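Student: Submitted below is the structure of interest, expressed as structure tokens.
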Amino acid sequence: MNVSITVNGERVSREIEARQLLVHFIRETPGLTGTHWGCDTSNCGACVVQMDGEPVKSCTILAAMCEGHEIRTVESLERDGELDPVQQGFHELHALQCGFCTPGMEMTARALLDENPNPTDEEIRTAISGSICRCTGYKNIVGAIQWAAAKESATRQEA
Ligand code: FES
Ligand code: FES
């Protein structure tokens, strides 16, 4: 079957098997291997992307279900050579070691801050509760997301 999905603002059309998962559709698109596939149980969250602005586990969705929807992956966070504040926060707070969970964490964080610009630590922990970090621990990840929230708040006040 043929499917057309908007990924990071560009229409991607391809013949696929009806059973193909969104995570594989994305990763088989040239240049888009940032979305990771980390488990077979829908538990790890490494595969999180945004679908119409909502964080979703792309290993739980068939690509065929995404026709007509807007998918956003981690590659879309950097704009004009500038990292998204969430990415900057992860860098500043050393919120990763191996980085395998990072794309999913960052896409979840971006969706959270777009909806709730000043989250509490508890709200951040709830938002990222669907994602597992196997090596950094969550303290610095929460700190990184708070760093991004503070930076965006300062930017809004300057504007
Ligand atoms: S790959 Fe682990 S939740 Fe999707
Ligand atoms: S940084 Fe290694 S799994 Fe999170």
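Each reported figure results from applying straightforward, stated rules to the coordinates on display, with no laboratory input. Small disclaimer: the values here were computed from a predicted structure and weren't measured. Cβ: placed from backbone, ideal geometry, glycine included. Neighbour counts: every protein chain shown.
Student: Among 25, 100, rank each residue by its count of other Cβ atoms within 10 Å, from fewest to most, as a rough exposure measure. Each step should come with its number before you reach the end.
Tutor: Values: 25 24, 100 17.
If I rank by nearby Cβ atoms, fewest first, I get 100, 25.
Student: Output needed: percent of Cα pairs per 10 Å distance bin for segment 1-44, bins running from 0 to the one holding the longest distance.
Tutor: 24, 54, 22
Student: Tally Lys and Arg at +1 and Asp and Glu at -1 over the other residues with C-beta under 13 Å from the C-beta of residue 1: what net charge comes out?
Tutor: Every neighbour counted, the sum reads -1.
Student: Tell me, what is the percent relative contact order of the chain, built from C-alpha pairs under 8 Å that lie six or more residues apart?
Tutor: Relative contact order of the chain: 24 percent.
Student: Let me ask something else about it. Put one equal scatterer on each alpha carbon of segment 26-159, apply the Debye formula with no solvent term, and list log10 I(q)/I(0) at q = 0.10, 0.19, 0.21, 0.22 1/Å to two decimals.
Tutor: So the normalised log intensities work out to -0.30, -1.09, -1.32, -1.43.
Student: Here's a follow-up. Among 86-99, 105-118, how do they line up by average Cβ neighbours within 10 Å per residue, starting with the highest?
Tutor: 105-118, 86-99
Student: In which sequence would 33, 60 go, from the one with the fewest C-beta neighbours within 10 Å to the one with the most?
Tutor: If I rank by nearby Cβ atoms, fewest first, I get 60, 33.
Student: Could you give the size of the charge dipole of segment 60-115 about its Cα centre, using +1 on the Cβ of each K and R and -1 on the Cβ of each D and E, expressed in debye and rounded to the nearest 20?
Tutor: The dipole of segment 60-115 has a size of about 200 debye.
Student: Another one. Tell me, 44, 101 in order of fewest to most beta-carbon neighbours within 10 Å?
Tutor: 44, 101
Student: Residue by residue, what Karplus-based ³J(HN,Hα) values in Hz, rounded to whole numbers, does segment 78-86 have, using 6.51, -1.76 and 1.60 with θ = phi - 60° and x for Gly and Pro?
Tutor: 6, 10, 6, x, 10, 5, 4, x, 5
Student: Let me ask something else about it. What does the charge add up to near residue 73, with Lys and Arg as +1, Asp and Glu as -1, over the other residues with Cβ less than 15 Å from its Cβ?
Tutor: Working: positive: 11, 27, 57, 72, 79, 110; negative: 10, 28, 52, 54, 70, 75, 78, 84, 106.
Local charge sum for residue 73: -3.
Student: To check my understanding: the extent here is largest minus smallest coordinate of the Cα atoms along each principal axis. What are those three numbers for segment 1-93, in Å, largest first?
Tutor: 44, 31, 22
Student: Still on this structure, I have one more. Calculate for the chain the 222 nm mean residue ellipticity that helices alone would give, adding -39,500 (n - 2.57) per DSSP H run of length 4 or more and normalising by residue count, nearest 500 deg cm²/dmol.
Tutor: Per the formula, -10500 deg cm²/dmol.
Student: Pull up all non-local amide H partners of residue 6: gap of 5 or more, or a different chain, and H-to-H distance under 5 Å with H placed in the peptide plane.
Tutor: Amide H neighbours of residue 6: 12, 68, 69, 71.
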